[in-house]
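Please read the structure below before turning to the comments.
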Amino acid sequence: MAALQTGIRNRAETVSSEERSALSIGSGNVRVFATVSMIGLMEKTCLDSVLPFLEPGQDTVGIHVNVSHCSATPVGMKVWCESELVEIDRRRLVFKVAAYDESGLIGEGTHERFIIDKDRFESKAASKL
């Protein structure tokens with residue numbers, strides 16, 4: 001397995017659908033790609049980029065998002081995200097993220113994830129019940 005290192009990049013795409021619109025999600029009253037949908041795409045792009053480099057039983061969870069959503073995307077338009085791992089601080093990973101639609105940039109910023117032991121993490125979360 002290759003070592004986790006800065007510079008790892010990824011790209012993922014989706015379509016701005018009714019189900020991903022601000023109106024459907026409840027975060028707004030318009031039929032455009034919701035900010036929460038954009039952030040979800042950003043998180044997935046980052047997660048998928050590092051999964052091949054993790055040890056068995058490890059995963060990552062999002063711990064911080066700092067992004068702007070600077071342009072609306074209508075329902076039906078293709079959307080994609082590009083990510084780059086720019087910092088590794090022990091188990092904390094920092095990514096630069098940018099999202100685009102067919103007309104250009106729609107959002108950008110940073111996202112942080114933390115490497116976890118999946119079983120231990122889920123057990124600790126379940127203990128809250």
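The values are calculated or read from the model by the stated rules, or taken from the named source; none is laboratory data. Because the structure is predicted, anything quoted here is derived from the model rather than measured. Virtual Cβ from ideal backbone geometry, glycine too; neighbours counted across all protein chains shown. Quick note on the areas: whole protein, heavy atoms, side chains included, nothing else; ligands and nucleic acids left out. Shrake-Rupley method; radii C 1.70, N 1.55, O 1.52, S 1.80 Å.
For segment 14-129, the square roots of the Cα gyration tensor eigenvalues, ordered a ≥ b ≥ c, give a/c of at least 1.5 with a/b greater than b/c, which places it in the prolate category. Derived scalar couplings between HN and Hα for segment 101-117 equal 10, 5, 9, x, 5, 10, x, 7, x, 10, 9, 10, 10, 10, 6, 10, 8 Hz in order, rounded to whole Hz, by the Karplus curve 6.51 cos²θ - 1.76 cosθ + 1.60 (θ = phi - 60°), x for Gly and Pro. Under 5 Å between amide hydrogens, built in the peptide plane, is the criterion, and for Ile106 it picks out Ala99, Tyr100, Asp101 among residues at least 5 positions away or on other chains.
Among the trypsin sites (Lys or Arg not before Pro) in segment 20-97, those located in a DSSP loop and surrounded by at most 10 other Cβ atoms within 10 Å of their own Cβ are Arg90.
Between Ile115, Ile63, Ile39, find the one with the highest GNM mean-square fluctuation for the chain; connect C-alpha pairs within less than 10 Å. Highest fluctuation among the options: Ile63.
Taking the longest Cα principal axis of the chain as reference, the axis of helix 35-50 is set at about 40 degrees.
At a 1.4 Å probe radius, which order do Leu54, Leu4 fall into by accessible area, largest first?
Leu4, Leu54
Excluding same-chain pairs closer than 8 in sequence, count the lysine pairs in the chain whose Cα atoms lie under 22 Å apart.
5
For segment 85-119, the set of GluC sites (Glu not before Pro) satisfying both a DSSP loop assignment and a count of at most 16 other C-beta atoms within 10 Å is given as Glu102.
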